[in-house]
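What follows is a short report on a single structure.
The values are calculated or read from the model by the stated rules, or taken from the named source; none is laboratory data. Small disclaimer: the values here were computed from a predicted structure and weren't measured. Neighbour counts run over all protein chains shown; Cβ positions are idealised from the backbone, glycine included. Accessible surface areas use protein heavy atoms only, side chains included; no ligands, DNA or RNA. Shrake-Rupley method; radii C 1.70, N 1.55, O 1.52, S 1.80 Å.
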Amino acid sequence: MQDESIKSVSSRPVYPPVEININAAYHLFITEPSASSKVGNLLQQTAAKTHQLIESDNIEELKLQLTELIGTLPLATSVYLAGRETYMWQVYAVLAELGFIKEQIEMLTPTDNSRTVFCCHCYTQTHQVAAAPFECEGCGLPLTVTDHFSKRLGSYFGFQVNAEAKDELPAAEAF
Amino acid sequence: MTDTFKVTVTDIQTVASSIKEFTLSPVEGQLIPFSAGSHIVVEMPTEEKTYKNAYSLLSQPDDPSHYKIAVRLQDNSRGGSVYMHTQVKVGDSLTISAPANRFAPLWQAKKHILIAGGIGITPFLSYLPEFERRGEDYELHYLYRGGQTGAYCNELSEQLGDRLFCYDSATSPRCNIENLMSQRAPGTHFYICGPEKLIEAVMTTAKQLGIAAGYIHFEEFAAPKPGNAFELELKSSGRLLNVSEEESMLEAIEKSGIEIPNLCRGGVCGQCVCRVSQGKIDHRDTFLTEQERSSGDVIMPCVSRAAGERLTLDI
Ligand code: FES
């Protein structure tokens with residue numbers, strides 16, 4: 001029962017097609033290095049406007065870089081993010097911390113279906129989970145993955161599968 | 001209004017030619033502390049009807065010994081402001097609602113730019129002690145008409161120094177909204193309290209500059225404007241009420257003894273929403289979405305009216 005009720009709460013983000021905000025005074029693209037081609041089209045459209053592309057998959061470094069950059073950016077900045085879902089939400093959290101609001105931040109469709117899963121038993125996050133159930137990197141329990149998404153953590157909520165009948169593990173299914 | 005209580009008027013000061021400041025003290029015990037930007041609704045029983053107007057609290061949010069409100073005498077002689085200015089004396093008792101807040105500062109902002117038009121300064125007066133306490137970065141831009149509505153300029157300039165920018169429309173150059181809004185860093189939020197025109201000017205400028213609407217917050221102190229009289233039918237009881245020209249639908253309903261939840265009484269908070277089962281609506285609120293408006297089946301009775309001669313509410 002509980003399984004059902006938790007699973008049915010979906011806060012899975014949706015990613016509608018991204019368009020350039022023509023009113024913005026500055027266009028900032030932040031992507032994982034492998035995903036920079038995803039913004040090619042958008043970059044072209046902003047060629048004549050002030051813009052910048054940052055490719056980085058190191059969130060800590062990115063944070064320092066953005067903290068420095070922000071003093072030079074106008075309030076009317078639009079940010080476009082590309083990469084895996086977790087990556088985009090991690091960058092989102094950094095931007096929010098710096099004062100950006102959600103209207104200014106656009107996310108492209110995630111580059112893959114993998115999820116980061118937050119284990120509700122040991123609070124460890126396991127990255128690049130492609131199918132569930134899977135084994136939590138922290139406590140080793142087999143976790144089932146819900147559609148409950150935490151924007152702050154950039155991860156889905158996972159809990160032990162079949163806690164009452166531990167030997168009956170369902171077959172793993174890809175997301 | 002379920003949560004009301006009595007207070008005593010312990011002081012009245014004329015702070016500008018059209019603005020009086022009232023100090024309200026508890027009849028017994030202490031008042032409820034409030035959050036920066038809160039308002040109360042004051043009941044004003046006049047002969048023809050009981051006015052209920054919302055006023056921002058401008059005293060210190062953490063001081064439960066008294067509340068302060070400022071009331072501007074409205075140009076058209078209608079409404080509660082006349083009552084407050086001419087009838088209320090020191091020692092009188094008034095019925096007020098518990099404080100509610102629909103205009104709180106956003107604490108995640110990196111900088112707050114407050115823009116006040118005339119009496120619109122009032123909600124910001126309770127922001128300032130909180131800003132100081134938390135060490136927030138802010139500016140206050142105060143637009144007023146010389147002598148008439150610039151009540152707090154002197155004491156503010158002592159307190160705020162170069163964070164305060166005064167624009168007296170009688171003597172100084174007009175406030176250039178575009179200059180005020182450009183060259184700001186991400187995380188700068190704007191708060192406007194004042195007449196519709198000022199709010200519109202800021203919104204339009206934000207659009208032109210490409211500033212996201214989420215950075216703009218406003219409180220309009222619109223009292224319900226009069227309109228044509230109409231007949232109001234309450235579907236469940238079949239009762240017929242007459243809404244006069246000078247009266248809002250909400251007031252007419254309350255007069256008949258029916259309570260409808262409400263907070264702002266100015267068409268912004270969304271509390272008073274009612275279903276309409278028949279009749280055309282003259283929407284005057286800022287709460288409903290375009291879609292809800294055109295659907296024609298919901299109304300905010302605190303400000304909106306019938307567009308025709310009759311309206312049926314599903315209550
Ligand atoms: S009471 Fe707030 S919208 Fe009507």
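Structural remarks
- Counting only residues that are in contact with a Pro (Cβ under 9 Å, 6 or more places away or on another chain) and within 30 Å of residue A:21 (Cβ to Cβ), segment B:216-252 holds 3 of them.
- Any hit, segment A:100-113, residues being under 22 Å from residue B:212 (Cβ atoms) and basic (Lys, Arg): yes
- Residues satisfying the stated conditions in segment B:257-303, i.e. assigned to a loop (DSSP other than H, G, I, E, B), charged (D, E, K, R) and either within 17 Å of residue B:230 (Cβ to Cβ) or within 14 Å of the ligand (Cβ to nearest atom) (or both): B:259, B:265, B:280, B:284, B:285
- Single unsatisfied condition, residue B:294 versus (1) open to solvent by 30 Å² or more (accessible area, probe 1.4 Å); (2) in contact (Cβ under 8 Å) with a residue 60 or more places away in the chain; (3) among the small types (Gly, Ala, Ser): (2)
- Which listed residue is at pLDDT 95 or above and over 27 Å from residue B:206 (Cα atoms), from A:75, A:108, A:64: A:64
- Scanning segment B:89-102 for residues that are of a type in the set (Gly, Ala, Ser) and either under 13 Å from the mean Cα position of the chain (by Cα) or open to solvent by 30 Å² or more (accessible area, probe 1.4 Å) (or both) turns up B:91, B:93, B:100.
- Among the residues listed as B:120, B:91, the single one being among the small types (Gly, Ala, Ser) and more than 17 Å from residue B:218 (Cβ to Cβ): B:91
- Residues of segment B:13-22 satisfying the condition of being part of a strand (DSSP E or B) and under 18 Å from the mean Cα position of the chain (by Cα): B:19, B:20, B:21, B:22
Residue-by-condition table, conditions (1) more than 12 Å from the chain's Cα centre (by Cα); (2) among the polar types (S, T, N, Q); (3) exposed (fewer than 15 other Cβ atoms within 10 Å of the Cβ):
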residue: B:37; (1), (2), (3): no, no, no
residue: B:40; (1), (2), (3): no, no, no
residue: B:46; (1), (2), (3): yes, yes, yes
residue: B:54; (1), (2), (3): no, no, no
residue: B:62; (1), (2), (3): yes, no, yes
residue: B:65; (1), (2), (3): yes, yes, yes
residue: B:71; (1), (2), (3): no, no, no
residue: B:80; (1), (2), (3): yes, no, no
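- Applying the criterion of at least 3 residues that are over 24 Å from residue A:154 (Cα atoms) and either within 14 Å of another protein chain (Cβ to nearest Cβ) or open to solvent by 40 Å² or more (accessible area, probe 1.4 Å) (or both) to the helices (runs of 4 or more DSSP H) found wholly in segment A:19-102 leaves A:40-45.
- Options B:306, B:252; residue that is open to solvent by less than 20 Å² (accessible area, probe 1.4 Å), within 26 Å of the chain's Cα centre (by Cα), within 15 Å of the ligand (Cβ to nearest atom) and among the aliphatic types (A, V, I, L, M): B:252
- Scanning segment A:133-175 for residues that are touching a Phe, Trp or Tyr at 6+ places or on another chain (Cβ under 8 Å), part of a strand (DSSP E or B), touching a residue at least 40 places away in the same chain (Cβ under 8 Å) and over 30 Å from residue A:97 (Cβ atoms) yields one hit, A:144.
- Residues that are within 19 Å of the chain's Cα centre (by Cα) and under 22 Å from residue B:79 (Cα atoms), drawn from segment B:271-298: B:271, B:272, B:283, B:284, B:285, B:286
- Residue B:244 vs. criteria open to solvent by less than 60 Å² (accessible area, probe 1.4 Å) and more than 16 Å from the ligand (Cβ to nearest atom): yes
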